[in-house]
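Q: Take this structure first; my questions come after.
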Amino acid sequence: MFAAENGLKGDPRLEAISAAIRVVPDFPKKGIMFQDITTLLLDHKAFKHTIDIFVDRYKDMQISVVAGVEARGFMFGPSIALAIGAKFIPLRKPGKLPGKVISESYELEYGHDRLEMHIGAVEPRERVIIIDDLVATGGTLSAAINLLESQEAEVVECACVIGLPEVKGQHKLKGKPLYLLVEPSGLDEFC
Amino acid sequence: MSGNEVNDPRIYGIKTKIRVVPDFPKKGIMFQDITTLLLDPKAFQDTIDLFVERYRDMNISVVAGIEARGFIFGSPIALAIGAKFVPLRKPKKLPGETIFEEYELEYGSDRLEMHVEAVNPGDRALVIDDLIATGGTLCAAMNLLERVGAEVVECACVIELPELKGRERLGGKPLCVLVEYR
């Protein structure tokens, strides 16, 4: 569900966030209009708006864990966690976390990858939000949900800055609510 | 404690939250795991606050964080002090025009990349990572910033391994750390 449909219609901050995201055509390969959030990180006001919108939404929802998907989830998740007084848990590519981990596989266009989490980082019944910069097919977020639910945590919502057309109209991913700030920029010419 | 290590009562709480994992990624290495620090909201907040208090009046316009643990500390610092956040990344992750610096690993080498348009001449920059060991990655990071005309004001890490003498590889640039592990 997009923020504009959920109380933030016409909010000028969403416009500023969208405008700050750069589209890079044909990256990583031809035909893909890559949504580059690094330009958002260079715009302090817009970056702060992004964090503030998520913090305002989650601060009174008794969220005790923010789980961020490596690596761009690490650019948004920690600030949200700090502002709402929650733990930050990094969900990482294989082999990076030094302690005992659980691991979940997810599909890529060609092949598959794995996401790992430390066992013991989250406790049963903790209320969790999962953060990434963008959701496309939802494969990575689904793996993240599985990791957290395997430890009996409650995934309250998945939150991303950008939601691609594949998820438009979907309010839920694996039964979990999805909260998105903006649609991708630069796709108009393909409609 | 060495010259650029911060002396503050909050440090003790931070140090105790860092978990040491023996023999990771290989035998003989005592890995400094900061994920346990991130599980303690007060200690994580104290970590960020200590850096923010140090840098907020130093006219810093860029906080450059080294992938990936530097993103976790660098992005909240950038937001708190009103600076741009610039991720320094492994090869082929950044979609725009990049420059790269090579640095040595124990076996072989790797590269760090930065978007050229992210940083302007005259920008005053900090480089952030969770830990400094040999200093190779920090050195590469500083080179990237200086090549585009930025001034690296200081490097900042949560943890230093002083026996690896990384501090001496920074070409005289100041290094601020919160915790030493000997």
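Q: Taking residue A:63 as meeting all but one of (1) under 17 Å from the mean Cα position of the chain (by Cα); (2) in contact (Cβ under 8 Å) with a residue 24 or more places away in the chain; (3) part of a loop (DSSP other than H, G, I, E, B); (4) closer than 18 Å to residue B:34 by Cβ, write down the number of the exception.
A: (4)
Q: So, residue B:20, is that one open to solvent by less than 20 Å² (accessible area, probe 1.4 Å) and either within 14 Å of chain A (Cβ to nearest Cβ) or in contact with a strand residue (DSSP E or B) (Cβ under 8 Å, 6 or more places away or on another chain) (or both) or not?
A: Numbers: open to solvent by less than 20 Å² (accessible area, probe 1.4 Å): no; either within 14 Å of chain A (Cβ to nearest Cβ) or in contact with a strand residue (DSSP E or B) (Cβ under 8 Å, 6 or more places away or on another chain) (or both): yes.
Judged against the criteria, residue B:20 is not a match.
Q: Pairs only if they're at least six apart or on different chains, beta carbon under 9 angstrom, first in the range A:12-30 and within 11 Å of chain B (Cβ to nearest Cβ), second part of a helix (DSSP H, G or I); list them, first residue then second.
A: A:22/A:38; A:22/A:39; A:22/A:40
Q: Right, something else. Taking the options B:72, B:66, B:48, B:81, name whichever one is under 30 Å from residue A:64 (Cα atoms) and open to solvent by 10 Å² or more (accessible area, probe 1.4 Å). Walk me through it before giving the result.
A: Details: B:72 fails: open to solvent by 10 Å² or more (accessible area, probe 1.4 Å); B:66 fails: open to solvent by 10 Å² or more (accessible area, probe 1.4 Å); B:48 fails: open to solvent by 10 Å² or more (accessible area, probe 1.4 Å).
Of the residues listed, the single one that is under 30 Å from residue A:64 (Cα atoms) and open to solvent by 10 Å² or more (accessible area, probe 1.4 Å) is B:81.
Q: May I ask you to list pairs of residues, at least six apart or on different chains, whose Cβ atoms are under 7 Å apart, with the first in the range B:102-116 being at pLDDT 95 or above and the second being among the basic types (Lys, Arg)?
A: Sorted first by the residue in the range B:102-116, then by its partner, the pairs are B:102/B:111; B:113/B:89.
Q: Scan the range B:20-32 and report the pairs whose first residue is more than 16 Å from residue B:163 (Cα to Cα) and whose second residue is hydrophobic (A, V, I, L, M, F, W, C) and open to solvent by 40 Å² or more (accessible area, probe 1.4 Å), with Cβ atoms within less than 7 Å and a gap of 6+ or a chain change.
A: The qualifying pairs are B:20/B:30; B:22/B:30; B:23/B:29.
Q: Next up: Only strands (runs of 3 or more DSSP E) wholly contained in the range B:11-96 count here; list those with 2 or more residues that are modelled with pLDDT of 95 or more and in contact with a Leu (Cβ under 9 Å, 6 or more places away or on another chain).
A: Filter on the range B:11-96 gives B:30-33, B:62-66, B:84-88.
Q: Pull up the range A:50-66, narrow it to residues that are surrounded by 19 or more Cβ atoms within 10 Å (Cβ to Cβ) and more than 11 Å from chain B (Cβ to nearest Cβ), then point me to the one that is farthest from residue B:123 (Cα to Cα).
A: Per the stated criteria, the residue is A:63.
Q: Another one. So, in the range B:86-121, of the ones that are surrounded by 17 or more Cβ atoms within 10 Å (Cβ to Cβ) and β-branched (Val, Ile, Thr), which residue ends up farthest from residue A:70 (Cα to Cα)?
A: Here the residue is B:119.
The values are calculated or read from the model by the stated rules, or taken from the named source; none is laboratory data. Computed from a prediction, not measured in an experiment: that's the story for all the values here. With ideal geometry, Cβ positions are generated from the backbone for all residues, glycine too; neighbour counts draw on all protein chains shown. Surface areas here come from the heavy atoms of the whole protein model, side chains and all, with no ligands, DNA or RNA. Shrake-Rupley method; radii C 1.70, N 1.55, O 1.52, S 1.80 Å.
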